[in-house]
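Here's the structure we're looking at; comments come further down.
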Amino acid sequence: MFRNYFKTAYRNLFRHKAFTFINLSGLTLGLTACLLIGLFVYDELQYDKFLPEGDRVYRLYNDMSARESGKVIAPVPPMFGTTLEQNFPEVEKVVRILMLQFEANNLVEVGEKSIYENGRTYADPGFFEMFQLPFKYGSHQKALADPSSIVISDRFAERVFGEVDPVGRKVTVNKEPFIVRGVFERNDKFHLPVNFVLPMEAAQLPAERMKKWSWQQFYTYVKLKEGADPGFVQEKFRKIVAQQIDPDKNQPYDYLPVFQPLEEVYLYSASFSFDQAIRGNITYVKALSIIAVFILLIACFNFVNLSTAKSSQRAKEVGVRKAVGASKGQLVAQFLSETLLLTLISVIFSAALASLLLPTLNAFAGKQMEFNVFGNPAILLLLLVLAVVVGVLAGFYPAMVLSGFKPVKVLKSAVVVDSRVGKIQWLRHGLIVLQFALSIFLIICAGIVYQQVSYLHNKDLGFNKEQIMFFQMRGDQMFENYETFKQELLKSPKIKNVSIGYGFPGDATAGDRIIVPRNGEQVHHGVTQLMIDYNYLNTLDVKVVAGRPFSKEFKTDTDHAFMINETAVRELGYRTPEKALGQPLQWQVWSDENPDSLKEGKIIGVVKDFHFKSLYDKVEPTVLQIFPEAYHKVAVKIDAQNVAGAIDHVKDVWSTFSPDYPIEYIFMDDNFQKMYKAEDKLKTLLWIFTGIAIFVACLGLFGLAAYAAERRKKEIGIRKVLGAENSMIVALLSKEFLLLILVSALIAFPLAWYAMHTWLQDFAYRIDIPVWVFLVASLVAALVAFLTVSYQALKAATANPVTNLRFE
């Protein structure tokens, strides 16, 4: 019986070639898009899932909700870990991790080989017990017990040692020697970008600093004992933190420690500040999942539409089958078998197409996803389940409609006269409306994402990032003679300006407190600290709106002067830039020898607000000061007409001051481009999948228009005989579909506005949603629909009316 069903199904599909091609194309494209998106989403959800007992591991972060506008800080003070380990019986293990953002790349030397490598991590001894990464060589047991130890990743080991066991070999990191104690297998789905791990003792941090409750520098992980309630531990710990941090309730912000489950770190930390973990974005994962569902629904709607539209051509077949004794169940099985066969063919085609496109997607997304149908039984089973589910979803209603025709009525007439027909017409129109509502929704979203991404790349940042060569200082000679190094760079006419400091746009900055003496009280405020030199403002073209910049002519500028930005003017209560001038400020100097020393000075100038972070973040109150002890980066403004010559000059001067370190540089504008890589990729993906959705919807519309023209060919013939022009015929057949597009637009508008309004809230600086995007989306959908329908309408209008009326 089933063999007969599929044989009949094959014959019907082959007989109606156009119908089969349209449905097959639509389903194949829809399923291919779904498979590729599904692979991407699945890959995103796999981070940290491979770690044993990961469900008991939590990362601590600080939610500073009181006076920092909900700002979330990923690193926490060192005493968080110490307190949890010593005072909480519910805690099994605590690991603190130190990753210095301003020392991203490290010079690694093995014998004669030297390379720059990122991913240096200082960690407590229990790192490899917390994160049970498998070891290729050596053992995790006591791997970090010795300050001279280093544990490296297998990829790093292969780069510097080759395919040999490096345990016991010497490695020099930034001129400091270490002995390899183990090689771990790096997993791409581990959220920490770790290439080599050093013991925390190797960081040589002063004991006094490790007792601080306000130095937020450590990524801290807690593993709870089995059965421990994380909510209870969190609340208990918050009470201790509140007492230690702010016993008198006069701090500028509230610390609110949060226990974040390990499995949420990758996808739910996109907005965290100072986070160096590898991060995805759950919003984008959800958005792509919704798009996949939309495309699949559009493809399924095509099938339902076309199947019900062609019901009149199958009516006599149903009547004959019922007349000779076929039951409704048998007819449903027959029509479902046709759908399942078509879907199975589509799944096979889409699997092949997805395999061909996956390398391109991997290159675009920077992933290593695999789609091995025959090597992975789970994927094969998934495809079969997908074929059955889609086949049933797409074919159930048409099967019920076709099997429900009454044989007496359908055998009396050449057309279907069942009362169900009116309902089918409304269903068909409703599905067209939904298809194009989804398509218009995607067009609007793609347009607004494009506008926002363009805004991110083109907004005036308040400084000039063009033609600025940017690199890290290295070697004692360069640090000790940075002024001489700067002057040597400036000797070339190809170099316009040079600045040395800490806190350049797009790079690491420091959050710290500033003290404002006011009415006999010491009022603390959280600010961003930029440690600059005398050339910083000129090099970046930062504007001074009041007062003066730092100048060597004023000897007190180094030790007794501050500058602030416009946001700090408002938040520190000075009202206007002019009133801020001359106001006293104090800062607790970064000094291990004398941690209680204060720098006391006055505000000498106010700079215009400029964006030294991405546009996700608001411009923060910022204090600029001269503090050479923190200098470690160099920004060189070069002549745009002679870039190559300027770079060569910088390299020559570098080799004089730092011969033991190869120079490694970037350009500041490239650094800002990288900030919005995720948004650039989202924009591209949205355009691609929107195009697929529109194309699939138009395939269905093309088939329906052909059916409508066929159904009304005699009417068209009569109208032509009575003198109707071709344009009138085209308008007659197109009007119905264009009205449906208008309804689709009215449905899509509010949904798209809400979705994009919600997405834009993630950006501190964003566009206003433009009305014209909605109008353009509607016009694009209407134009595409009109062109699709008008082809069939014009074909019907230009046909010889005699041909259509000869049998009347």
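The values are calculated or read from the model by the stated rules, or taken from the named source; none is laboratory data. Worth saying up front: this structure is predicted, and the values here are computed from it rather than measured. Neighbour counts are summed over all protein chains in view; Cβ atoms, including those assigned to glycine, are modelled from backbone coordinates with ideal geometry.
Values as computed for the structure displayed
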quantity: Residue that is modelled with the lowest pLDDT [pool: residues in segment 70-109 that are of a type in the set (Phe, Trp, Tyr) and surrounded by fewer than 19 Cβ atoms within 10 Å (Cβ to Cβ)]; calculated: Phe102
quantity: Residue match in segment 210-217 (condition: under 19 Å from Glu117 (Cβ atoms), touching a strand residue (DSSP E or B) at 6+ places or on another chain (Cβ under 9 Å) and not small (Gly, Ala, Ser)); calculated: no
quantity: Residue in segment 487-505 that is in contact with a Phe, Trp or Tyr (Cβ under 7 Å, 6 or more places away or on another chain) and surrounded by fewer than 18 Cβ atoms within 10 Å (Cβ to Cβ) present; calculated: no
quantity: Residue list for segment 490-505, filter: over 29 Å from Pro77 (Cβ atoms) and part of a strand (DSSP E or B); calculated: Ile495, Lys496, Asn497, Val498, Ser499, Ile500
quantity: Positions within segment 210-237 being closer than 17 Å to Arg96 by Cα, basic (Lys, Arg) and not in a loop (DSSP other than H, G, I, E, B), in sequence order; calculated: Lys211, Lys223
quantity: Sole residue being surrounded by fewer than 21 Cβ atoms within 10 Å (Cβ to Cβ) and not assigned by TED's automatic domain parsing to the domain that holds Leu537, chosen from Gly475, Gly462; calculated: Gly462
quantity: Tabulated pairs, segment 690-717, first of a type in the set (Ser, Thr, Tyr), second at pLDDT below 70, C-beta under 7 angstrom, 6+ apart or interchain; calculated: Tyr707/Ala309; Tyr707/Lys310
quantity: Sole exception among (1) closer than 30 Å to Gln586 by Cα; (2) of a type in the set (D, E, K, R); (3) buried (at least 17 other Cβ atoms within 10 Å of the Cβ) for Glu629, by number; calculated: (3)
quantity: Count of segment 179-191 residues which are aromatic (Phe, Trp, Tyr) and buried (at least 22 other Cβ atoms within 10 Å of the Cβ); calculated: 1
quantity: Filter pass, Phe554 being of a type in the set (Phe, Trp, Tyr), in contact with a strand residue (DSSP E or B) (Cβ under 8 Å, 6 or more places away or on another chain) and under 14 Å from Val606 (Cα atoms); calculated: no
quantity: Residue match in segment 114-126 (condition: closer than 15 Å to Arg181 by Cβ and among the hydroxyl-bearing types (Ser, Thr, Tyr)); calculated: yes
quantity: Boolean, Lys637 is basic (Lys, Arg), touching a residue at least 40 places away in the same chain (Cβ under 8 Å) and buried (at least 21 other Cβ atoms within 10 Å of the Cβ); calculated: yes
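For every residue, the table says whether it meets (1) closer than 19 Å to Pro77 by Cβ; (2) of a type in the set (S, T, N, Q); (3) assigned to a strand (DSSP E or B).
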{"site": "Asp507", "(1), (2), (3)": "no, no, no"}
{"site": "Pro517", "(1), (2), (3)": "no, no, yes"}
{"site": "Val523", "(1), (2), (3)": "no, no, yes"}
{"site": "Thr528", "(1), (2), (3)": "yes, yes, yes"}
{"site": "Met531", "(1), (2), (3)": "no, no, yes"}
{"site": "Thr539", "(1), (2), (3)": "no, yes, no"}
{"site": "Val542", "(1), (2), (3)": "no, no, no"}
{"site": "Pro549", "(1), (2), (3)": "no, no, no"}
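To keep it simple, each residue is scored yes or no on (1) of a type in the set (Phe, Trp, Tyr); (2) crowded, with 20+ Cβ neighbours inside 10 Å; (3) touching an Asp or Glu at 6+ places or on another chain (Cβ under 9 Å).
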{"position": "Tyr122", "(1), (2), (3)": "yes, yes, yes"}
{"position": "Gln132", "(1), (2), (3)": "no, no, yes"}
{"position": "Ala145", "(1), (2), (3)": "no, no, no"}
{"position": "Arg159", "(1), (2), (3)": "no, no, yes"}
{"position": "Pro193", "(1), (2), (3)": "no, no, no"}
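Residues checked against (1) surrounded by fewer than 17 Cβ atoms within 10 Å (Cβ to Cβ); (2) touching a strand residue (DSSP E or B) at 6+ places or on another chain (Cβ under 8 Å); (3) in the same structural domain as Thr220 (by TED's automatic domain parsing):
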| residue | (1), (2), (3) |
| --- | --- |
| Glu163 | yes, no, yes |
| Gly168 | yes, yes, yes |
| Val171 | no, yes, yes |
| Pro177 | yes, yes, yes |
| Ala203 | yes, yes, yes |
